[in-house]
Amino acid sequence: MSEESIKIGYIVSVAGSRVSGILISPDAAGPDHDEAALTDAVQIGKLIKVFTPRSVAFGVVSSLEVRNPSSPPSGSDARILEIELFGEAISTDVDGEGGFVFQRGVSVYPGLGQTIYATTTGDLARIYSRPDASNIRIGSLYQDDTLPAYAVTDDLLGKHFAVLGTTGTGKSCTVALLLRSILTAHPQGHVVLLDPHGEYGSAFGDMAEMVSPDSLQLPYWLLNSEEALEVMCSKEGPQREGETAIVKEAIMLAKRAYAGEGEAVQHITVDTPVPYRLGGLLQTIDDMMGQLDNPESSLPYLRVKARIEGLRNDPRFSFMFSGISVRDSMGEVLSRILRLPVAGKPVTIIDLSGVPSEIVDVVVSLLCRLVFDFALWSERANATPVLFVCEEAHRYIPRDVNKGFEPTRKAISLIAKEGRKYGVSLCLVTQRPSELSETILSQCNTLFSLRMGNDQDQEFVQRALPESAAGLLNALPALRTQEAIVVGEGVNLPMRIRFDSLTDEQRPRSATAPFSAAWDQGRDNSGLVDETIDRWRRQVR
């Protein structure tokens, strides 16, 4: 048995993909359809269909309006609905047993006076049918929660994607759900996740390799010149220029001295990731300072030495600047970060919450660069695709080019523009899309947009999305938690979905602190202050 389509109105205006219609009264919709059924059929974001001479055109309701309403409003007032057309079925056997093949775009437009119908469950099932290509289930359709929503794996990963939404809308759970769905289907994957707040550790269980400053060494000699200058020189001011020249020359000499004699030494530059001794670097600076004719010229050398010694002696920076002995551990570092081999843990969660704020941008820059450069220098035939997930992306690639750390922006931008050539995919996650680099976000060809109340954020996202999604985007401020508008290459069509639920064990620890429960319990806080101060001083979370 075929489903009966509800009549909801008639076409009164056609302007390309934008169509206007006038709603009919409930009585005209049919004896089995009351006002509630008609109202439900024309909700913002609902799909409609219109028969044309050679096809069936489908669209999404973008707005509703009563033009020139009487006072008080009357049932005879003209009620207008605006529709964005997005696709068609060439076969007119929409409700028959044979079904239809849906395709994007509209080749035959509806005419004036044509009847507008609500779509049926069968229509939706065909329009949003499971893709033939490799895919993952991510949730259910807003229009009918009995129908699953899918994403195309290769298009999602191969062309970058972003998760956008206000705090509290479920961004972290969305990221966890997407990654778990991908890795359940492809357990030999390779995902590097930057976790600025230490919230994802509980979301992946045994699937994840947890990395923090306490458990991973990122040796200083992996830093390129820009990153090294950021940590070893004054931040700004007239003294920085002189210090940068000193550090660059000293690092190159220290690297060549460690490498010894041989032809390979000639290829070493200040940016070559080869080991050198920190003590050797300080000795080189001393030697350079000893060649000065004017003692007053030694001040920048002394400042650089003091800063390097401070880094070496500060336990907060021990994950990068500790150790008297030096060895080439680059292979071990890359193997652990990139999960080569996977060994049952396809996700590397890099907990940045314990990284000192003075150096966190440098660490992010280094990690981005290591991931991209490894892919760049790998043989194409043996290259291992990697997904790089950047939480709080607006911190590292802000829209204002004068803000943020330029090497980090450059590293993420390189992944966004060139990563797909070398098998590096990018996922950007942010709660403030309007503060994010529009150039870099434009490289993300699939967007998961959760609720946004800020007008600037909404306008920014609307500029980044295709016109065919305009009707869905009007719902952005009213989306419920766990709902999203999904558009782009990773899905067959723009759609509003409700994400599948995660168990408590699979959720990131990102819930808002329970003030009322904590304050009602009257906890015994004796010893809390002393314990907190101890952790504070030892920098242990």
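Numbers at a glance
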| read-out | value |
| --- | --- |
| Segment 419-432 residues that are free of Cβ contacts under 8 Å to residues at least 40 places away in the same chain, paired with ones that are surrounded by fewer than 23 Cβ atoms within 10 Å (Cβ to Cβ) (beta carbon under 8 Å, 6 or more apart) | ARG432/HIS394; ARG432/ASN454 |
| Breaking point among (1) more than 30 Å from ASN382 (Cα to Cα); (2) in a helix (DSSP H, G or I); (3) not charged (D, E, K, R), for ILE337 | (1) |
| Flag for ARG303 being under 29 Å from GLN239 (Cα atoms), surrounded by fewer than 19 Cβ atoms within 10 Å (Cβ to Cβ), under 30 Å from the mean Cα position of the chain (by Cα) and assigned by TED's automatic domain parsing to the domain that holds CYS233 | no |
| Candidate set: segment 28-59, residues that are among the small types (Gly, Ala, Ser) and over 19 Å from LEU112 (Cα atoms); chosen: the one nearest to the chain's Cα centre (by Cα) | GLY45 |
| Residues satisfying the stated conditions in segment 60-78, i.e. more than 14 Å from SER17 (Cβ to Cβ) and either within 40 Å of the chain's Cα centre (by Cα) or touching a residue at least 60 places away in the same chain (Cβ under 8 Å) (or both) | SER63, LEU64, GLU65, VAL66 |
| Residue within segment 204-215 that is touching a Phe, Trp or Tyr at 6+ places or on another chain (Cβ under 8 Å), of a type in the set (D, E, K, R) and farther than 25 Å from SER134 by Cα present | yes |
| Test: residue in segment 56-72 that is of a type in the set (Val, Ile, Thr), at pLDDT below 85 and over 13 Å from TYR109 (Cβ atoms) | no |
| Single match in LEU366, LEU370, LEU376 (criterion: of a type outside the set (Phe, Trp, Tyr) and closer than 23 Å to THR153 by Cα) | LEU376 |
| Residue within segment 279-299 that is touching a residue at least 40 places away in the same chain (Cβ under 8 Å), crowded, with 17+ Cβ neighbours inside 10 Å and not assigned by TED's automatic domain parsing to the domain that holds LEU370 present | no |
| Matching helices (runs of 4 or more DSSP H) fully within segment 155-266 where at least 3 residues are within 30 Å of GLU438 (Cα to Cα) | 171-185, 225-232 |
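For (1) crowded, with 21+ Cβ neighbours inside 10 Å; (2) under 15 Å from the mean Cα position of the chain (by Cα); (3) closer than 26 Å to THR503 by Cα, each residue gets a yes or a no:
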residue	(1), (2), (3)
ASP123	yes, no, no
ARG137	no, no, yes
GLN143	yes, no, yes
PRO148	no, no, yes
ASP154	no, no, no
LEU157	yes, yes, yes
ALA162	yes, yes, yes
THR166	no, yes, yes
GLY170	yes, yes, yes
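The values are calculated or read from the model by the stated rules, or taken from the named source; none is laboratory data. Please read these numbers as outputs of a predicted model, since none were measured by experiment. Cβ: placed from backbone, ideal geometry, glycine included. Neighbour counts: every protein chain shown.
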